[in-house]
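Notes for the one structure printed next.
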Amino acid sequence: NHTLTQLFISDRSIVSMNETAISKGKQVGIIAEKLSNCTIVNSIIREHANSGMTILDSDLTIFESKMVQNGGNGILTLSNGKLQVEHCVFMDNEMPHIGGKNRALIQIHNSQFSYGKSIYVTERCELQIENCQFSDSKGVQIELDDMSKGTISTSKITNGTTNAIKIQKDSSLSIYNTHISKHQLPQVVINDSNLLMDECEILDGNRNGFIIEHHSEANIKNTFISRHAYPQIWVDRESVVDLVSVQLLDSKESDIYVQNHSRLYANNCIIRNKHFQYIIQAINHSKIELANAFIESPFDD
C-alpha cells in the first residue's frame, strides 16, 4: 500500500527474496536499476497500479513465483536489462505479462502465461522461450518488433483472441517442436521479418494459419498445418516461402495462396483438401514451384 515504488534497488545493489509477498502498491512493486541484481524465489507480486517489476540495466532472476493482477506489465525489462524466469505463473496483468525494450535479454523456461497479452519485445531485444504454455490471451500472445530476435521451443500457444505470434520490422524468430492452435485472428503473422519453423503443429485457426507479407522470408519444415477457415498459408507483397516435408490438410479455403510478386517453393509436401476447388493459387506476378508433392482434391487434378 505504498504511494511510490515499494522496493527500490539501485547502484549495484544486491537483493534476494524468498517467500515474500509484495502487493497493492500505488505505483510499481519493485524497481531495479544501475547494474543491480535481484533474485526472487517462491514469492508473489500482485495488484500494483503500475507494473509489478521494472528492470533497467540490471539483472533479475525469478523462480517459482507469481506475477498477477498488476495494472501495468508483470515484468518490464529495459535498457540492457537481463531477465531469467523459471517455473513462474503470469496471469491477469493489464499490459503484457513480460515486456522488453532497448536490447533487453529475456530467458523464460517452464512457465505459464494466461489472461493477458503475454510477451512483447521491441528495439533489438533477444527472447528465448522453452517449455512454456500460453493460453487465453486478450491480445497477441508473443510479439517481436523492431529488429528483435527470438527462439521458441517445446511450447504450447493456444486460445487467443487475436494472433498467437506476430513478428515485424526486420525481426527474426525460430520456432521448434511447438503447438499453436485456436486463435481468432491469423495464428502466425510475419511482416518484413524472417521465420524458421521446424517440427510444429498449427491447427484450428478461425482465420489463416500464416500471413507472410512485406518482403518477409519463411522456411517451414516438418510441420503439420490443418483446419483453418481462411487460406492456411497466405504469402503477399514480395515475400518468399520454402516448405519442406510439410502437410497441409482440411482447409476450408486454399491451402496455399501467393500474390503480389511473391514466391513459394514446396518440396516433399502433402496437400489434401475436400472443401475448396482451388487449393493452390498464385496471382499477380507470383510463382509457386512444387517438387515431389502429393496433392489430393475431389474436384479435379
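Search the stretch 173-188 for residues that are under 13 Å from residue 211 (Cβ atoms) and open to solvent by 10 Å² or more (accessible area, probe 1.4 Å) and pair each with any residue that is part of a loop (DSSP other than H, G, I, E, B) and among the hydrophobic types (A, V, I, L, M, F, W, C) when their beta-carbon atoms are under 8 Å apart and the residues are at least 6 apart or on different chains.
That search, which allows pairs on different chains as well, returns nothing.
Residues checked against (1) β-branched (Val, Ile, Thr); (2) modelled with pLDDT of 95 or more; (3) more than 20 Å from residue 175 (Cβ to Cβ); (4) surrounded by fewer than 21 Cβ atoms within 10 Å (Cβ to Cβ):
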{"residue": "216", "(1), (2), (3), (4)": "no, yes, no, no"}
{"residue": "219", "(1), (2), (3), (4)": "no, yes, no, yes"}
{"residue": "227", "(1), (2), (3), (4)": "no, yes, no, yes"}
{"residue": "230", "(1), (2), (3), (4)": "no, yes, yes, yes"}
{"residue": "248", "(1), (2), (3), (4)": "no, yes, no, no"}
{"residue": "272", "(1), (2), (3), (4)": "no, yes, yes, yes"}
{"residue": "278", "(1), (2), (3), (4)": "no, no, yes, yes"}
{"residue": "283", "(1), (2), (3), (4)": "yes, yes, yes, yes"}
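Outside any strand (DSSP E or B) and without any contact (Cβ under 8 Å) to a residue 40 or more places away in the chain: does that describe residue 117?
Spelling it out, residue 117 is indeed outside any strand (DSSP E or B) and without any contact (Cβ under 8 Å) to a residue 40 or more places away in the chain.
For the stretch 110-141, what are the residues that are buried (at least 24 other Cβ atoms within 10 Å of the Cβ), aromatic (Phe, Trp, Tyr) and more than 18 Å from residue 189 (Cα to Cα)?
Across the stretch 110-141, the qualifying residue is only 113.
Give 207, 237 a once-over and let me know the one that is more than 17 Å from residue 178 (Cα to Cα), touching a Phe, Trp or Tyr at 6+ places or on another chain (Cβ under 6 Å), open to solvent by 70 Å² or more (accessible area, probe 1.4 Å) and not polar (S, T, N, Q).
On inspection, the qualifying residue turns out to be 207.
Among the residues of the stretch 35-47, are any surrounded by fewer than 16 Cβ atoms within 10 Å (Cβ to Cβ), out of contact with any Cys (no Cβ under 9 Å at 6 or more places or on another chain) and under 25 Å from residue 123 (Cα atoms)?
yes
Does residue 55 fit the bill of being crowded, with 24+ Cβ neighbours inside 10 Å and over 20 Å from residue 8 (Cα atoms)?
Considered against the rule, which asks whether it is crowded, with 24+ Cβ neighbours inside 10 Å and over 20 Å from residue 8 (Cα atoms), residue 55 comes out as no.
Aromatic (Phe, Trp, Tyr) and open to solvent by 40 Å² or more (accessible area, probe 1.4 Å): which single residue out of 90, 63 fits that description?
63
Please list, ordered by first then second residue, the pairs with beta carbon atoms under 7 Å, 6 or more apart or interchain, first in the stretch 33-58 and among the aliphatic types (A, V, I, L, M), second assigned to a loop (DSSP other than H, G, I, E, B) and open to solvent by 20 Å² or more (accessible area, probe 1.4 Å).
Note: pairs meeting the criteria are 35/12; 35/57; 41/64; 49/26; 49/27; 49/71; 56/33; 56/79.
Only one residue in 179, 228, 215, 183 is out of contact with any strand residue (DSSP E or B) (no Cβ under 8 Å at 6 or more places or on another chain) and over 23 Å from residue 103 (Cα atoms). Which one?
On the way: 179 fails: out of contact with any strand residue (DSSP E or B) (no Cβ under 8 Å at 6 or more places or on another chain); 228 fails: out of contact with any strand residue (DSSP E or B) (no Cβ under 8 Å at 6 or more places or on another chain); 183 fails: out of contact with any strand residue (DSSP E or B) (no Cβ under 8 Å at 6 or more places or on another chain).
Going through 179, 228, 215, 183 in turn, the sole match is 215.
Please note which strands (runs of 3 or more DSSP E) are completely contained in the stretch 171-279 and include at least 2 residues that are aliphatic (A, V, I, L, M).
172-176, 188-191, 194-198, 201-205, 210-213, 217-221, 233-236, 240-244, 247-249, 256-259, 263-267, 270-272
Which pairs do you get when a residue that is within 17 Å of residue 40 (Cα to Cα) and in contact (Cβ under 8 Å) with a residue 40 or more places away in the chain, found in the stretch 10-28, comes within reach of a residue that is open to solvent by less than 40 Å² (accessible area, probe 1.4 Å) and not in a loop (DSSP other than H, G, I, E, B), reach meaning Cβ atoms under 6 angstrom, with the pair 6+ apart or on two chains?
Going by the 6 Å Cβ cut-off, the qualifying pairs are 28/54.
The values are calculated or read from the model by the stated rules, or taken from the named source; none is laboratory data. Remember, it's a predicted structure, so these values are computed and weren't measured experimentally. Cβ sites come from the backbone with ideal geometry, for glycine too, and all protein chains shown count toward neighbours. Surface accessibility is based on the protein's heavy atoms, side chains included, excluding ligands, DNA and RNA. Shrake-Rupley method; radii C 1.70, N 1.55, O 1.52, S 1.80 Å.
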